[in-house]
Amino acid sequence: MLRALTAASAALGHKAAGWVRTMASHPLLVAPPEALSKPLSLPSRLLLGPGPSNLTPRVMAAGGRQTIGHMHKEMFQIMDEIKQGIQYVFQTRNPLTLAVSGSGHCALEAALFNLLEPGDSFLVGVNGIWGQRAQDIGERIGARVHPMIKDPGGHFTLREVEEALAQHKPVLLFLTQGESSSGVLQPLDGYGELCHRYQCLLLVDSVASLGGAPIYMDQQGIDVLYSGSQKVLNAPAGTSLISFSDKAKNKIYTRKTKPFSFYLDIKWLANFWGCDDKPRIQGHQELRPMQWAQWGTGATGGSQRLVSSPVSLFPQPGQCPALSQALPTSGCRYHHTTPVVSLYSLRESLAHLAEQGLEKSWQQHREASEYLHERLQGLGLQLFVKDPAIRLPTVTTVAAPAGYDWRDLVSYVMDHFSIEITGGLGPSAGKVLRIGLLGCNASRENVDRVIGALQEALQRCPRNKL
């Protein structure tokens with residue numbers, strides 16, 4: 001076999017030389033960027049906006065570790081530990097629980113792409129930008145979207161939801177627990193039970209609230225829950241958490257059409273994350289030493305690999321038992337390459353929250369936000385959400401001070417104190433300032449720092465006295 005491969009390589013020699021000449025036959029039009037010849041330079045900032053938040057030392061250390069293969073057994077172990085962490089922070093026993101390779105937006109699309117089919121009735125609570133986004137995605141899918149619209153600062157009562165359920169008979173209701181654009185905490189007790197009474201599934205966005213406000217997925221009857229990595233979890237943006245109840249899983253597995261996205265197809269992701277009863281995806285099964293000797297080795301960082309060759313002398317999988325054993329079987333499917341290092345960080349952030357305990361984390365955010373509210377009112381500022389019971393403890397909205405351009409205040413705090421706060425977003429744009437106390441950033445010390453910065457900004461920034 002080795003002699004045959006050698007002869008085939010010699011025969012391809014002239015062609016290979018031609019390929020090299022072809023690849024180098026054009027002059028380069030774009031020079032190496034001068035900016036990339038300089039070291040990476042980053043400022044030191046305290047991120048007290050609605051997210052992302054600062055990373056903890058533990059998470060940063062995980063992000064500096066060397067990558068391993070996304071389908072190595074050690075990586076599958078890390079993924080299993082992430083699943084257990086998600087089940088804890090969501091308070092669910094759902095087997096179909098996993099992380100999505102994408103931000104919270106990606107998790108929202110994963111939920112809607114898999115749960116909705118064209119023509120389905122979809123009820124959306126729109127009291128901020130995230131309801132608007134859910135409405136937009138539902139329309140792109142071709143669902144019959146019915147928005148329940150509230151002004152920023154409002155929430156949806158059980159009575160309002162029941163009236164809409166009876167009128168529109170939706171298959172899915174979307175609510176945002178933590179509406180970060182307006183600072184509202186949506187109550188959830190009783191909404192899952194109400195939805196199920198009308199044969200409707202409940203989908204909840206907890207990106208801005210998870211870890212900072214109580215949520216009990218199973219006990220509150222939530223069918224689909226998702227969140228993000230970059231808020232209270234203090235992990236890098238780019239991964240998200242999602243879980244599906246058995247009712248939601250049944251809706252996905254009995255749909256009549258394929259989901260619009262292959263990348264976010266939950267059937268594939270469920271297999272990849274070991275959430276179904278099928279053999280887990282295998283793409284790099286270990287070969288026995290005899291098989292390596294039979295098919296050759298290659299030196300790539302010291303690892304062995306199958307020799308690939310374009311020549312027809314190389315056997316096809318069905319012609320060689322050893323090669324067939326090395327390739328995925330029909331029951332195993334490759335889906336995508338996960339962001340391995342980001343999953344290290346996500347694993348460590350979940351571990352940190354598990355060690356702290358959900359109750360202590362909820363208490364930390366409640367106490368920090370109450371102290372922030374007290375200090376803000378001490379400056380003469382008004383909280384945007386009037387009812388204390390529905391104020392989001394992770395992201396506080398302050399009514400934009402009269403006479404000031406909110407952009408001046410935000411810029412002053414950033415330029416002079418290296419602290420990020422932001423203005424409104426979507427329906428709240430121009431109406432509020434937003435201050436986030438997320439995870440490790442939720443402390444009295446940070447509240448004092450941002451209050452001092454705001455106080456100086458109010459003194460120094462121009463004000464229209466009219």
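Here Leu173 fulfils each of the conditions (1) open to solvent by 10 Å² or more (accessible area, probe 1.4 Å); (2) in contact with a helix residue (DSSP H, G or I) (Cβ under 8 Å, 6 or more places away or on another chain); (3) in contact (Cβ under 8 Å) with a residue 40 or more places away in the chain apart from (1).
For His336, the criteria (1) touching a helix residue (DSSP H, G or I) at 6+ places or on another chain (Cβ under 9 Å); (2) over 30 Å from Cys461 (Cα atoms); (3) modelled with pLDDT of 95 or more; (4) surrounded by fewer than 19 Cβ atoms within 10 Å (Cβ to Cβ) hold in every case but one, which is (3).
Filter region 357-399 for residues that are assigned to a helix (DSSP H, G or I), open to solvent by less than 30 Å² (accessible area, probe 1.4 Å) and closer than 27 Å to Pro427 by Cβ and give the result. The answer is His365, Ala368, Ser369, Leu372, His373, Leu376, Ile390. Residues of region 388-413 that are touching a residue at least 40 places away in the same chain (Cβ under 8 Å) and either farther than 20 Å from His373 by Cα or touching a Lys or Arg at 6+ places or on another chain (Cβ under 9 Å) (or both): Pro393, Thr394, Val395, Thr396, Thr397, Pro401, Gly403, Tyr404, Asp405, Asp408, Tyr412. Which of the residues that make up region 400-423 are open to solvent by 40 Å² or more (accessible area, probe 1.4 Å), among the aromatic types (Phe, Trp, Tyr) and outside any loop (DSSP other than H, G, I, E, B)? Answer for region 400-423, where residues must be open to solvent by 40 Å² or more (accessible area, probe 1.4 Å), among the aromatic types (Phe, Trp, Tyr) and outside any loop (DSSP other than H, G, I, E, B): Trp406, Phe417. For first residues located in region 434-457 and acidic (Asp, Glu), partners that are open to solvent by less than 10 Å² (accessible area, probe 1.4 Å) and lie 6+ apart or on another chain with Cβ distances below 9 Å form the pairs Glu456/Val413. What are the pairs, 6+ residues apart or on separate chains, where a residue within region 108-128 that is closer than 14 Å to Leu165 by Cβ has its Cβ under 6 Å from a residue that is of a type outside the set (A, V, I, L, M, F, W, C) and open to solvent by 10 Å² or more (accessible area, probe 1.4 Å)? These pairs meet every condition: Ser121/Arg144; Ser121/His168; Ser121/Lys169; Leu123/His146; Leu123/His168; Val124/Gln135; Val124/Pro147.
Residues are listed down the side, and each one gets a yes or a no for (1) buried (at least 17 other Cβ atoms within 10 Å of the Cβ); (2) touching a Pro at 6+ places or on another chain (Cβ under 8 Å); (3) within 27 Å of Gln77 (Cα to Cα); (4) hydrophobic (A, V, I, L, M, F, W, C):
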{"position": "Ser206", "(1), (2), (3), (4)": "yes, no, yes, no"}
{"position": "Gly221", "(1), (2), (3), (4)": "yes, no, no, no"}
{"position": "Tyr226", "(1), (2), (3), (4)": "yes, no, yes, no"}
{"position": "Pro236", "(1), (2), (3), (4)": "yes, yes, yes, no"}
{"position": "Ser240", "(1), (2), (3), (4)": "yes, no, yes, no"}
{"position": "Lys249", "(1), (2), (3), (4)": "yes, no, yes, no"}
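Against the condition closer than 15 Å to Thr92 by Cβ and in contact with a Lys or Arg (Cβ under 9 Å, 6 or more places away or on another chain), how does Trp268 come out, does it pass? For Trp268, the condition - closer than 15 Å to Thr92 by Cβ and in contact with a Lys or Arg (Cβ under 9 Å, 6 or more places away or on another chain) - is not met.
The numbered conditions (1) modelled with pLDDT under 95; (2) under 14 Å from the mean Cα position of the chain (by Cα) are all true for Phe260 except (2). Within the bounds of region 45-55, is there any residue that is in a loop (DSSP other than H, G, I, E, B) and more than 22 Å from Ser361 (Cβ to Cβ)? Within region 45-55, one or more residues are in a loop (DSSP other than H, G, I, E, B) and more than 22 Å from Ser361 (Cβ to Cβ). Counting just the residues of region 433-454 that are of a type in the set (Gly, Ala, Ser), touching a Leu at 6+ places or on another chain (Cβ under 8 Å) and crowded, with 24+ Cβ neighbours inside 10 Å, which one comes out nearest to Pro50 (Cα to Cα)? The selected residue is Gly436. Selection over region 229-283 of residues that are closer than 27 Å to Tyr198 by Cα and polar (S, T, N, Q) gives a count of 5.
Residue check: Glu74 meets all listed conditions (1) within 22 Å of Phe260 (Cβ to Cβ); (2) open to solvent by 50 Å² or more (accessible area, probe 1.4 Å) but one, namely (1). Here Glu163 fulfils each of the conditions (1) in a strand (DSSP E or B); (2) open to solvent by 30 Å² or more (accessible area, probe 1.4 Å) apart from (1). Just one residue in the set Gly426, Gly430 is open to solvent by 30 Å² or more (accessible area, probe 1.4 Å), without any contact (Cβ under 8 Å) to a residue 40 or more places away in the chain and on the phi > 0 side of the Ramachandran plot; that residue is Gly430.
Here Thr67 clears all of (1) farther than 24 Å from Ala166 by Cα; (2) in a strand (DSSP E or B); (3) more than 19 Å from the chain's Cα centre (by Cα) except the condition numbered (2).
Just for region 98-157: of the residues that are of a type in the set (S, T, N, Q) and open to solvent by 10 Å² or more (accessible area, probe 1.4 Å), which one is nearest to Gln84 (Cα to Cα)? Explain how you work it out, then say what you get.
So the first thing to find is which residues in region 98-157 are of a type in the set (S, T, N, Q), and the list is 101, 103, 114, 121, 127, 132, 135, 157.
Those still in the list that are open to solvent by 10 Å² or more (accessible area, probe 1.4 Å) too: 101, 103, 132, 135, 157.
On the way: Ser101: 17, Ser103: 20, Gln132: 31, Gln135: 31, Thr157: 32 Å.
Result: Ser101.
Restricting to region 213-249, count the residues that are within 23 Å of Leu158 (Cβ to Cβ) and not hydrophobic (A, V, I, L, M, F, W, C). Looking only at that region, the number is 10.
Could you check region 38-67 and list, in sequence order, the residues that are farther than 23 Å from Leu233 by Cα and either open to solvent by less than 90 Å² (accessible area, probe 1.4 Å) or of a type outside the set (Ser, Thr, Tyr) (or both)? Spell out how you get there, then give the answer.
First, the residues of region 38-67 that are farther than 23 Å from Leu233 by Cα: 38-41.
Scanning region 38-67 gives Lys38, Pro39, Leu40.
When you look at His168, is it touching a Pro at 6+ places or on another chain (Cβ under 7 Å) and surrounded by 17 or more Cβ atoms within 10 Å (Cβ to Cβ), yes or no?
On the way: touching a Pro at 6+ places or on another chain (Cβ under 7 Å): no; surrounded by 17 or more Cβ atoms within 10 Å (Cβ to Cβ): yes.
Taking the combined requirement at face value, the residue does not satisfy it.
Figure legend. Inter-residue proximity from region 367-384: first residues modelled with pLDDT of 95 or more, second residues part of a loop (DSSP other than H, G, I, E, B) and open to solvent by 50 Å² or more (accessible area, probe 1.4 Å), beta-carbon distance below 6 Å, spacing 6+ or different chains. No pairs are indicated.
The values are calculated or read from the model by the stated rules, or taken from the named source; none is laboratory data. Only a predicted model underlies this, so the values are computations on that prediction, with no experimental measurement involved. FYI the Cβ positions are ideal-geometry reconstructions off the backbone, even for glycines, and counts take in every protein chain you see. Remember, those area values only see protein heavy atoms, side chains included, never the ligands or the DNA or RNA. Shrake-Rupley method; radii C 1.70, N 1.55, O 1.52, S 1.80 Å.
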